[in-house]
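Below: the structure, in structure tokens.
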Amino acid sequence: MEERPFSDISYEQFLEEERLMGSRCKTCGAFFVPPRPLCIRCHGTDMVWVETEGRGKLSAFTCIAVGPPFMIAEGYDRKHPYCSGVVELDEGVRVVARIEGVDATKPEDIEVGIPLTVRFLHRGEGNQRKTYLAFAPL
Ligand SMILES: [Zn+2]
């Protein structure tokens, strides 16, 4: 595991394995999700993989009625919007993810600050296979 480069490709491979991973700077302790090969705080390059607990709270969100083609292919449209949010992980890092398990047609009922747990959405097959990061209420 430690052999993998700190890249988006490694990050997505870990998602496919249902692990939300980031890189931690061994020099100053800064933590990055998705991982960075270089610390933006101290410019250190001595990074180590750390698996998050996959828990956090909703920091901000938006409900999207007109999404990209792959979301339209999943059946989301004006009548069936989906929710995209920013999740603040317990590790103190913010990640953008799909928010599942909430009613995107009633954004007024979705509360910022609700506790969330990670979900991994596997979509497509073969070369088209991709895993999307999502969170849902506990
Ligand atoms: Zn650092």
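Whole-Å semi-axes of the range 20-101's equivalent ellipsoid, largest first, each the root of 5 times a Cα gyration tensor eigenvalue? If you can, show how the numbers build up before the last one.
Numbers: eigenvalues 205, 32, 20 Å².
Computed over the range 20-101, the values are 32, 13, 10 Å.
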message: Distance between the C-alpha centers of the range 1-42 and the range 50-126? Whole Å please.
response: 21 Å
statement: Residue by residue through the range 65-78, the couplings from Karplus 6.51 cos²θ - 1.76 cosθ + 1.60 with θ = phi - 60°, in Hz, x for Gly and Pro, are 9, 10, x, x, x, 5, 7, 4, 5, 7, x, 8, 7, 4
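Just to confirm the filter: which trypsin sites (Lys or Arg not before Pro) across the range 46-138 are DSSP coil and have at most 14 other Cβ within 10 angstrom of their Cβ?
Details: sites: R55, K57, R78, K79, R94, R98, R119, R123, R129, K130; in loops: R78, K79, R129.
Qualifying residues, ordered by number: R78, K79, R129.
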- request: Quote the relative contact order of the chain in percent (integer), defining contacts as alpha-carbon pairs under 8 Å separated by 6+ residues.
  value: 21 percent
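In nm, what is the difference between 0.36 nm times the number of residues separating R41 and E100 and their Cα-Cα distance? Could you put the intermediate results ahead of the total?
Details: separation 59, 0.36 × 59 = 21.24 nm, distance 3.25 nm.
Working it through step by step, the gained length comes to 18.0 nm.
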field: Within straight-line cross-link reach of K79, lysines at Cα separation under 22 Å, skipping those fewer than 8 residues along the same chain
entry: K106
task: Net charge near P68: determine it from the other residues with C-beta under 15 Å of the C-beta of P68, scoring Lys and Arg +1 and Asp and Glu -1.
output: +2
message: Output wanted: per-residue J couplings in Hz (rounded whole) for the range 132-138, from phi through Karplus 6.51 cos²θ - 1.76 cosθ + 1.60, θ = phi - 60°, x for Gly and Pro.
response: 9, 7, 9, 9, 9, x, 4
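Take the alpha carbon gyration tensor of the range 65-138, find the square roots of its eigenvalues, order them as a ≥ b ≥ c, and report rounded if a/c is under 1.5; if not, report prolate when a/b exceeds b/c, else oblate. Don't skip to the answer; put the middle values down first.
Numbers: a/c = 2.37, a/b = 1.21, b/c = 1.97.
In terms of gyration-tensor shape, oblate.
For the range 5-55, state which GluC sites (Glu not before Pro) are in a DSSP loop and have at most 15 other beta carbons lying within 10 Å of their beta carbon.
Values: sites: E12, E16, E17, E18, E51, E53; in loops: E17, E18, E53.
Answer by residue number: E17, E18, E53.
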statement: Gyration tensor on Cα atoms of the range 34-77, a ≥ b ≥ c root eigenvalues, a/c under 1.5 rounded, else prolate if a/b beats b/c, else oblate, says prolate
field: Prolate/oblate/rounded label for the range 1-61 (Cα gyration tensor, a/c 1.5)
entry: oblate
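Could you give the semi-axes, largest first, of the ellipsoid that matches the chain, computed as the square roots of 5 times the alpha carbon gyration tensor eigenvalues and rounded to whole Å?
For the chain, the ellipsoid semi-axes come out as 29, 18, 11 Å.
Any read-out appearing in this document is the output of simple, stated calculations on the displayed coordinates, not a laboratory observation. If you're wondering where the values come from, they're calculated on a predicted model, not measured in any experiment. Methodologically, a virtual Cβ is constructed for each residue, glycine included, from the backbone with ideal geometry; neighbour enumeration extends over all protein chains shown.
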